[in-house]
Every structure is written in structure tokens, then in C-alpha cells.
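The values are calculated or read from the model by the stated rules, or taken from the named source; none is laboratory data. Given the structure is predicted, the values throughout are model-derived calculations rather than measurements. Positions of Cβ are backbone-derived with ideal geometry, glycine not excepted, and every protein chain shown enters the neighbour counts. Only protein heavy atoms, including side chains, enter the accessible area calculation; ligands, DNA and RNA are left aside. Shrake-Rupley method; radii C 1.70, N 1.55, O 1.52, S 1.80 Å.
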Amino acid sequence: MVNLAFPFTGRWLTQNSPANRVPSHGTTRFATSYAIDFVPVNHKDATAPIRLGSLLRPEPPQRFVGFGRPVLAPTTATVVAVHDAQLDHAAYRGLPSVWYALTQPGRIAGGWTALAGNYVMLQDKTAIIALCHLQQGSIAVQPGQRVAPGEMIGRCGNSGNSTEPHLHIQAIDTADIERAHAVPITFDGALPRNGQIVEIHDKNAL
């Protein structure tokens, strides 16, 4: 098991938590058994305003409060892999989300990168931590670089297998995702459950 700091500040909604079920995402593929998702929300715990159009057609990711929110290193580690070539696609709610779900097999067939989108992998003393769905062009680190907890590594995006801007985190025992085994994770010694709001205050804010 690897214990991490929360890799963000502000308010984030917990989804697909292994505190509720394992495998957390309903599959063991790509070592996701203990993966967890965090969705940025505002002070009303909403990700974006709901309009009639939100339920009928895809929306720009920029409409969501979390798009571009900083993602921070959750531990002292070395960057072992970076991918920053995936576009941030539209977000899907309402009827568009049904269509998006039906196209899931195509993304699975595309492999890890098609699902993870833009990502950073960090090697600490016990595991490799993957932070996924980052905003294209936002990754601020490179392989071989050492990072400290709280250092910005990128920004929350909507790349890969994502219906709205959010952060996917998982720990694995090797960077070779096809051979990797999932490693359980905690945050500050605990694990939030689905629906729980995690609020982390920025220590550098005035």
C-alpha cells in the first residue's frame, strides 16, 4: 500500500472509490482495481451549470470549473513517464453520455493511452503513481525530474476516457501497464468514499 497526499487544492468530489468496491472501476484491466477519481466542483458542489443544452449535446470542457485546475505531486518521486499528445475533447452529460458509454469498447481497444489520455507517472519508494486525464499542453515535468509533494505537475483536463474534467489516480508496481499489478492507495492515511467532498486549502493562499 502507498500513502499519498491529495494531489490538489480546492473542492473535489470522490467517484469510483475502492473504499466502496474493488475493482473500483468494475474491471481489473490496466491494473485499475484500486484506482480512484476526483471531480473538481465549486462551492455549491457542482461541476458546471446545468442548461437544457447540457442534456442534449456535448459541451466544451472549458465550461467546467475544474478544467485547468492545478494537479500536484502527491509524494516525493521521480517522473518516469509523460504523455501530453491527447486532445481535450467535449464533455458529455445527459443523452450525450449514453452515446459516449456505447463507444467505450473502441477506447478500450485503443489501449492504455486511449483511456488515460494525457498522464504523468511518478516513481516513489513503494510504487508508481499514474495521474491521468490531464489537460493537453499543461504537463510541467519531464522524465527523470524529481518532484516534491505539492509541486505542480500539470492541470486537470478532459483527455482520454473522460465524460467531464476530472483526475484519475492509480498506483501500480511497474510502468509497463500491460504487466502491472494494482497497488492499494490511501490519502493522508485514509480513503474517501464515493460522493465525499474532499476540500484542501491552499497553504500558499493569502
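When you count, for each residue, the other Cβ atoms within 10 Å and take the mean per peptide, how do 131-137, 84-90 rank with the highest first? If you can, show how the numbers build up before the last one.
Details: 131-137: 23.6, 84-90: 17.4.
Highest mean packing first, the order is 131-137, 84-90.
Run the numbers on the stretch 133-206 and let me know its relative contact order in percent, using alpha-carbon pairs under 8 Å that are six or more apart. Let's see the in-between values first.
Details: 64 pairs, mean separation 16.6, N = 74.
The value is 22 percent.
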Could you report the chain's accessible area per residue, 1.4 Å probe, as an integer in Å²?
47 Å²
List, largest first, the extents of the alpha carbons of the chain along their principal axes, each in whole Å.
48, 46, 33
In Å, what Rg and Dmax follow from the Cα atoms of the stretch 156-206?
14.6, 45
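How big is Rg to Rh over the stretch 1-119, alpha-carbon atoms, Rh as the Kirkwood inverse-mean-distance radius?
Taking Rg over the Kirkwood Rh, I get 0.95.
Throw me the Rg/Rh for the stretch 15-66, computed over C-alpha atoms with Kirkwood Rh, two decimals. Each step should come with its number before you reach the end.
On the way: Rg = 14.5 Å, Rh = 13.0 Å.
My calculation of the ratio gives 1.11.
If the viscosity is 0.692 mPa s and the temperature 37 °C, what translational diffusion coefficient in µm²/s does Stokes-Einstein give for the stretch 121-206 when Rh comes from Kirkwood over Cα pairs?
Values: Rh = 14.8 Å.
So the translational diffusion coefficient is about 221 µm²/s.
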Got a sec? Which residues in the stretch 1-37 would a label at D188 touch, if it sits 7 Å along Cα→Cβ and we count backbone N under 13 Å?
4-12
